[in-house]
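Colleague: Just passing along the structure, written as C-alpha cells.
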Amino acid sequence: MNAPEPFQSAPGAAAASWWTSAVAFLGGIGGGVVFPILPTLGLRLGLSAALVGLILAANRITRIGFNPVTGALVDRFGGKGPVTAGLVIETGAIAMFVLALQARLPGLWFLGGRIVWGVGSSLLIVGAMAAVLAISGHGDRGRLVGRVRMSMSLGLPGGLLLGGVLADAASPRSAFVTAAGVTGAAALLALWGVPARARRPDEDAAPGPSGASVWKALWREPALRVIWIYNLLVFLTVQGVLLSTVVLLIAARGLFVPGLHEQGSAGILMAVLMVFRGIASISVGRWLDRSASRTAPLLLALAAMVGGFAGLAVAHDLVTAMVSLLAIGAGTGALTIPLLALLGDITDRSQRGRALAGYQVFGDIGGSIGPIVGLQLGASGGFTALYAGLAVVLAASLPLVRWLRRRERGAAGDSA
C-alpha cells in the first residue's frame with residue numbers, strides 16, 4: 001500500500017509544522033471549555049444525565065458520518081482549506097452554546113451546537129494531521145507528528161483550564177464567549193500558516209484512486225485496522241469516559257484543588273493529564289526519528305495507561321488522582337504518536353486523508369459511547385468499578401501490541 005518516499009521532509013516543513021501546531025493548539029481550546037462546565041451546568045438546568053451524555057457525545061457521533069467526507073476533501077485539496085473552514089464552523093458552534101444559556105430549551109441548543117462542532121472538528125483534526133503527514137518524511141515524521149499532536153493535546157487542557165476557572169470566577173457565558181474569540185483567531189491564523197497542498201517532485205502526477213476501492217484497500221491492511229482499533233480504545237477510555245466523568249468523581253470524593261470548586265478542580269486535573277500527554281507525544285516523536293522501530297514504545301505506553309486507570313479507581317486523595325492522571329496522559333501520548341507515524345509509513349500519500357478519516361471514525365465511535373456509558377455507569381455503579389473496568393479493557397488489548405511488534409520484526413528481517 002505504501003509508496004516510496006524521501007527520508008527527510010519537504011522544504012520548509014519545520015516552519016509549516018509550527019504554524020499548524022499553533023492553529024491546532026488554539027482550535028483545541030474551544031473543545032476543552034465545555035467538559036468542565038456542561039456536566040454540572042446541564043444538571044443544574046434540569047437536563048438528565050443521559051441527555052448530558054448525549055450532548056457531550058454528539059460531536060463525535062456527527063464526525064463518524066462526516067470524517068469520510070473530510071478525508072476525501074483533504075486528499076483532493078490538502079489541509080489548509082478544511083482546517084480554516086472547520087475553525088469558522090467551530091466558532092459558530094460556540095455561539096450556539098452562548099444562546100443555550102438563555103434559551104427555553106437549552107438542551108436542544110447545546111445538542112445542536114455539539115453537532116455543528118462535530119463537522120468543524122472533523123475538518124480541523126483530520127486536516128491538520130494530514131497536512132503534517134504530507135510534508136514529513138520517514139526520518140522526521142515522528143517529530144513533526146508529535147509536535148502537532150502535542151499542540152492538540154495542550155489546546156484541550158488550555159480549554160479545560162479556561163472553562164473551569166472562568167466558570168468558577170465569572171460565568172459559563174464568559175468562558176464560552178472567550179472560547180469563541182480564540183477559535184475565530186485560529187481561523188485567521190490557519191489562512192496564513194497551514195501549508196497548502198503541494199506535490200512533491202517525486203510524486204506521481206496522476207490522480208490517485210477514489211471511491212469505495214480506496215476504503216476496501218485501506219481495510220485490507222491489518223496493521224491499519226489495529227491502529228484504528230487503538231484509537232477507538234483511547235477515545236473510549238480517555239476522551240469519552242474520563243473527560244465526561246472526572247468532574248463528578250471530584251465532587252463525589254472531594255478531590256478539590258485548594259481554592260477551587262469541582263469545575264475549576266476538574267480543569268486543573270485534566271490539564272495535568274493533557275500536559276503530560278503532550279510532553280510524551282513530543283518526546284516519543286523525537287525518539288522515533290532516531291530509532292528503527294515504530295512499535296517499541298507501545299508496551300510501556302499501554303502499561304502506563306492501565307496503571308493510571310487502576311490508580312484512579314482507588315484514588316481518594318488529590319495526589320493519587322494527579323499521579324494516576326499523569327500516567328494516563330503520558331501513556332496516551334506514547335501510544336498515539338508511534339501509531340500515527342506507522343499509519344503514515346504504511347499508507348500511500350494519495351490516501352492518507354482517508355486513512356486518517358478511518359482512524360478518526362474509530363476514535364469517534366469510542367468517544368461517542370464513552371460519555372453515555374460512563375455517566376450512566378458512574379452514577380449507578382460508582383467510579384471504582386468504572387475505572388477498574390477501563391484498566392481491564394486496555395490490558396486485554398495487549399495481544400494487538402504484540403502482533404504489531406512481531407509484524408515489524410518480521411518486516412525488518414525480510415528487508416535485511
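The values are calculated or read from the model by the stated rules, or taken from the named source; none is laboratory data. Every value quoted in this text rests on a predicted model; they were computed, and no experiment measured them. Every residue, glycine among them, receives a Cβ derived from its backbone with ideal geometry; neighbour counts consider all protein chains shown.
Colleague: Does the range 90-105 include one or more residues that are farther than 30 Å from Arg349 by Cβ, of a type in the set (S, T, N, Q) and surrounded by fewer than 24 Cβ atoms within 10 Å (Cβ to Cβ)? So that I can check it myself, show each step before the final result.
Modeller: Restricting attention to the range 90-105, the residues satisfying the condition of being farther than 30 Å from Arg349 by Cβ are 91-105.
Okay, now just the ones that are also of a type in the set (S, T, N, Q), so 91, 102.
After this cut, where a residue has to be surrounded by fewer than 24 Cβ atoms within 10 Å (Cβ to Cβ) as well, the list is 91, 102.
For the range 90-105, residues farther than 30 Å from Arg349 by Cβ, of a type in the set (S, T, N, Q) and surrounded by fewer than 24 Cβ atoms within 10 Å (Cβ to Cβ): present.
Colleague: Ok, one more. Could you count how many residues in the range 252-290 are at pLDDT 85 or above and farther than 13 Å from Gly164 by Cβ?
Modeller: So the answer is 20.
Colleague: Suppose the filter is outside any helix (DSSP H, G or I) and at negative phi; does Ala103 pass it?
Modeller: Working: outside any helix (DSSP H, G or I): yes; at negative phi: yes.
When the stated conditions are applied, Ala103 passes them.
Colleague: Pick from the range 310-352 the residues that are polar (S, T, N, Q) and in a helix (DSSP H, G or I): which of them is farthest from Val393 (Cα to Cα)?
Modeller: Going through the range 310-352, the residues polar (S, T, N, Q) turn out to be 320, 324, 332, 336, 347, 350-351.
So of that shortlist, the ones also in a helix (DSSP H, G or I) come out as 320, 324, 332, 336, 350-351.
Values: Thr320: 21, Ser324: 17, Thr332: 15, Thr336: 17, Ser350: 34, Gln351: 31 Å.
The extreme case among them is Ser350.
Colleague: Restricting to the range 140-166, name every residue that is touching a Lys or Arg at 6+ places or on another chain (Cβ under 9 Å) and not in a helix (DSSP H, G or I).
Modeller: Result: no residue meets the conditions.
Colleague: Continuing with the same structure: Between a first residue in the range 56-70 that is on the phi > 0 side of the Ramachandran plot and at pLDDT 90 or above and a second residue that is among the aromatic types (Phe, Trp, Tyr) and not in a helix (DSSP H, G or I), which pairs have beta carbons less than 6 Å apart while being 6 or more apart in sequence or on different chains?
Modeller: none
Colleague: I'd like to know if the range 34-52 contains one or more residues that are crowded, with 24+ Cβ neighbours inside 10 Å, in contact with an Asp or Glu (Cβ under 6 Å, 6 or more places away or on another chain) and part of a helix (DSSP H, G or I).
Modeller: No, the range 34-52 contains no residue that is crowded, with 24+ Cβ neighbours inside 10 Å, in contact with an Asp or Glu (Cβ under 6 Å, 6 or more places away or on another chain) and part of a helix (DSSP H, G or I).
Colleague: Another question, if that's okay. Among the residues of the range 225-260, write down those that are farther than 25 Å from Leu386 by Cβ, among the aliphatic types (A, V, I, L, M) and surrounded by fewer than 21 Cβ atoms within 10 Å (Cβ to Cβ). Give the steps one after another, and end with the answer.
Modeller: Start the filter on the range 225-260 by keeping residues that are farther than 25 Å from Leu386 by Cβ, which leaves 225-227, 258-259.
Next, only the ones that are among the aliphatic types (A, V, I, L, M) stay: 226-227.
The answer is Val226, and nothing else.
Colleague: Please count how many residues of the range 193-222 are loosely packed, with under 13 Cβ neighbours inside 10 Å, more than 22 Å from the chain's Cα centre (by Cα), modelled with pLDDT of 85 or more and not in a loop (DSSP other than H, G, I, E, B).
Modeller: Looking only at that region, the number is 2.
Colleague: Right, here's the next one. Assuming Glu90 fulfils every condition listed in (1) at pLDDT below 90; (2) in a helix (DSSP H, G or I); (3) charged (D, E, K, R) apart from one, which condition is it?
Modeller: (1)
Colleague: A follow-up question, please. If you take the residues of the range 114-137 that are in contact with a Phe, Trp or Tyr (Cβ under 7 Å, 6 or more places away or on another chain) and either more than 16 Å from Gly27 (Cβ to Cβ) or hydroxyl-bearing (Ser, Thr, Tyr) (or both), which of them is modelled with the highest pLDDT?
Modeller: Our first condition is that a residue be in contact with a Phe, Trp or Tyr (Cβ under 7 Å, 6 or more places away or on another chain); within the range 114-137, this holds for 118-119, 122, 137.
From what is left, the residues that are either more than 16 Å from Gly27 (Cβ to Cβ) or hydroxyl-bearing (Ser, Thr, Tyr) (or both) are 122, 137.
On the way: Ser122: 93, Gly137: 82.
Among those that are in contact with a Phe, Trp or Tyr (Cβ under 7 Å, 6 or more places away or on another chain) and either more than 16 Å from Gly27 (Cβ to Cβ) or hydroxyl-bearing (Ser, Thr, Tyr) (or both), it is Ser122.
Colleague: Quick one: how many residues across the range 328-346 are surrounded by fewer than 24 Cβ atoms within 10 Å (Cβ to Cβ) and β-branched (Val, Ile, Thr)?
Modeller: Matching residues across the range 328-346 total 1.
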